[in-house]
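The values are calculated or read from the model by the stated rules, or taken from the named source; none is laboratory data. All figures in this text were calculated on a predicted structure; none of them were measured in a lab. Ideal geometry is used to build each Cβ from the backbone, glycine not excepted, and the neighbour counts take in all protein chains shown. SASA here: full protein model, heavy atoms, side chains in, ligands and nucleic acids out. Shrake-Rupley method; radii C 1.70, N 1.55, O 1.52, S 1.80 Å.
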Amino acid sequence: MLKLRQRSCLLLTTLLVLTPCILIVMMMGPELSTEQSLTQRLAESHMRIQYLESMYRARQEDVAILSQYLSALQNGSVISQMPTTPPLYVPTSTSSLTLASAAAGGPAASLLESLSPEARQALKNASHAHSAQRYSTTTAVRLPTAYHFLPHLLDDSASLRPAYLYSKGRADVSIVLGIPTVKREKQSYLLGTLQNLIENMNEEEQNETLIIVFIGEMDQSTVQFIAKQIVTTFEAYVDSGLIDVIAPASSYYPDFNRLRITLNDSLERVKWRSKQNLDFAYLMAYAQSKGTFYVQLEDDILAKHNFITAMKKFAITKSALTKPDHPPWFILDFCQLGFIGKMFKSAELPYLITFFQMFYNDKPVDWLLGSFIESKVCRTDKDQKHCNQERAKYWLHYRPSLFQHIGTSSSLKGKVQKLKDKQFGWKVPTFFAHPHNPPATVKSNIAPYKNYLLKRAYRGETYFWGLLPQPGDIVQFIFEKPTQIRRYYFRSGNSEHPSDRFYNTTIEVLPADTLSENASVWSTYNSTNDGYLIVGAFDAIGVAEGALDTKIGAIKEIRLHVHGDSENWVLLSEIDLQTAGVANAEAENKNKIATVGS
């Protein structure tokens, strides 16, 4: 019965649209004797068809809403009882509209509030609900919605419902950090970026922050893979509510092969930047209700220590300065590059979201941001200098920058970008030196690249960079005499080569005592066939760290043992072996990146 009603609605809508078109064609008769007249009439017809298409989209919207309403009635449910993820807000020209209800949790009947006045009147008449509160078809004007700019959203009623959402529901925070990510062909920076952001927040900052990772992939297996990496690696932070992971339905995206070619770019580049604009709009729409301020980041950056406190203090200070000669700011800029580190008031995000939806096919996102500000403040009767002066009142810059771009492999195939923010203030380190490592002979069967030798890395002169590791490869640190190691710390990969990490690699030690002399220790740990204790392993972000049980006693050797194939080279950027005597001297390395960032 429900499907029959839907088909009837669609058939009626189609007839209403096609009938005027047929009449126009019939009227274009033999009178068109000249080329000019024909051109004019064709143009007029084209404009008329555009208008009819917009009317048709409006009717499609009514059909989509009625379809959901009838489904809800048939199921005897309300929106708050619908499973999985909540609907996403769709900005209109004045507010926000959802395919479900104005507040996720209202009754199914609230869907009717999104209908056109004509559709509401038809429902009133059909149900014989004539009363003093009946809707008038002459008192309401229907404003454009996202469906006018993205009409493909009407093809699937779930197009704005996330295909994946992992969230603990954290909201009402001070700052929301938005990080869009996609699968990169060469190397991914995402996990390192998340690790860096978390390391550079203290507990108080973490409690007033929400990090939203947006996975802009249409293939669900790819979404699941990236999401699993995040949830597994940062399980404690996901469970605490610090990190949300979200991905849109594939039907959120239009057919990118049908985009207009703009700016004389290749189709591939137009598709890439158009998708990026839609990704940002979706991410902002989800983030809008989560916190006071929203900060746009990327998945290949580093941050300075206590950056959350610095941003919040700057935002509050500048907000307090609002006077006639200091108008309210629209953007606070904490990085001079692209769209990195741009802060907005969450309440003003609908303006940007709608702007991105309108012009997603026309320009890159950072250009759209500039165009948006110029549209707000620049005058046509003034020169560019005056425009820049007015723009500077609404777009405020924080110096030195709080974020640095580290990625070189773009998400656009074949694009290499080595952009660096010169105002960041310090050079991103490629390795961390520890001159107090105990005397040892080091060796490995992993072939080194050029002069990036293991012995130089152990002395703190550079990092070790080796060719493709194979199963069974070993990196050995053989001490000159048995040594009591208190803690070990190995970091693989660096800011320039984040994917050159140790994968499926264990940390193993060779005790000076034999099995018979310390049987309790050997029963605690797994051991290898050649007599080593397995005390740890590298994690998903390429780090291995831990404390050695004092019962192990002095050890002769510690080694890294590779157990699987790798698609990347391997880079060891930090080797820190702490003995009891140098533990205090090495204490400053506990927060290594954070300390450098401050």
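Could you check how much of the accessible area of region 431-564 is carbon and sulfur, as a whole percent, using a 1.4 Å probe? Intermediate results must be reported in sequence, preceding the final value.
Working: 3090 of 6240 Å².
Summing carbon and sulfur atoms, their accessible area is 50 percent of the total for region 431-564.
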Study note, to complete from the structure: Note to self: C-alpha centroids of region 194-263 and region 519-560 sit apart, in Å, by 34 Å
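Return the FRET efficiency for the residue pair Leu321, Thr292: r is the Cβ-Cβ distance, R0 is 25 Å, and the value is rounded to the nearest 0.05.
Values: r = 17 Å, r/R0 = 0.69.
Once the sixth-power term is evaluated, E becomes 0.90.
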Check your understanding: How large is the dipole of region 135-200 about the Cα centre if only Lys and Arg carry +1 and Asp and Glu carry -1, each at its Cβ, rounded to the nearest 20 debye?
Key -> 80 debye
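Per-residue counts of other Cβ atoms within 10 Å, averaged by peptide: what ranking do you get for 364-372, 216-224, highest first? Please report the intermediate quantities before stating the final value.
Numbers: 364-372: 17.6, 216-224: 15.3.
Top of the packing list down: 364-372, 216-224.
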Point to revise | Eligible aspartates and glutamates near Lys183 by straight Cα distance, threshold 17 Å, same-chain separation 8 or greater | key: Glu217, Asp219, Glu268, Asp279, Glu298, Asp299, Asp300, Asp500, Glu567
Check your understanding: For region 277-410, what does the alpha-carbon gyration tensor say about shape, rounded, prolate or oblate, given a ≥ b ≥ c as the root eigenvalues, a/c under 1.5 as rounded, and a/b over b/c as prolate?
Key -> rounded
Revision key, fill the gap. Sorted on mean Cβ neighbours within 10 Å (highest first), peptides 484-494, 533-543 come out as 484-494, 533-543
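Which shape class applies to region 159-284: rounded if a/c is under 1.5, otherwise prolate when a/b exceeds b/c and oblate if not, where a ≥ b ≥ c are the square roots of the Cα gyration tensor eigenvalues?
Working: a/c = 1.98, a/b = 1.94, b/c = 1.02.
Since a/c reaches 1.5 and a/b is larger than b/c, the shape of region 159-284 is classed as prolate.
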Point to revise | Nitroxide proxy distance, nm - points 7 Å out along Cα→Cβ at Asn529 and Ile49 | key: 7.4 nm
Check your understanding: If ligands, DNA and RNA are left out, what is the accessible area of Lys551 with a 1.4 Å probe, given in Å² to the nearest 10?
Key -> 130 Å²
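Would you kindly state how much longer the chain becomes between Ser71 and Lys455 on full extension, computed as 0.36 nm times their sequence separation minus their alpha carbon distance, in nm to one decimal?
Numbers: separation 384, 0.36 × 384 = 138.24 nm, distance 6.89 nm.
Answer, rounded to one decimal: 131.4 nm.
Filter the cross-link list Lys481/Lys551; Lys168/Lys271; Lys318/Lys363; Lys312/Lys382; Lys342/Lys363 down to pairs whose alpha-carbon distance in this structure exceeds 24 Å.
Lys168/Lys271; Lys318/Lys363; Lys312/Lys382, as the Cα separations exceed 24 Å there.
What FRET efficiency would be calculated for the residue pair Gln384, Asp539, taking the C-beta separation as r and a Förster radius of 56 Å, to the nearest 0.05?
On the way: r = 51 Å, r/R0 = 0.92.
Plugging the Cβ-Cβ distance into 1/(1 + (r/R0)^6) gives 0.65.
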**Study point:** Where region 214-343 is the region considered: accessible area per residue in Å², 1.4 Å probe
**Key:** 39 Å²
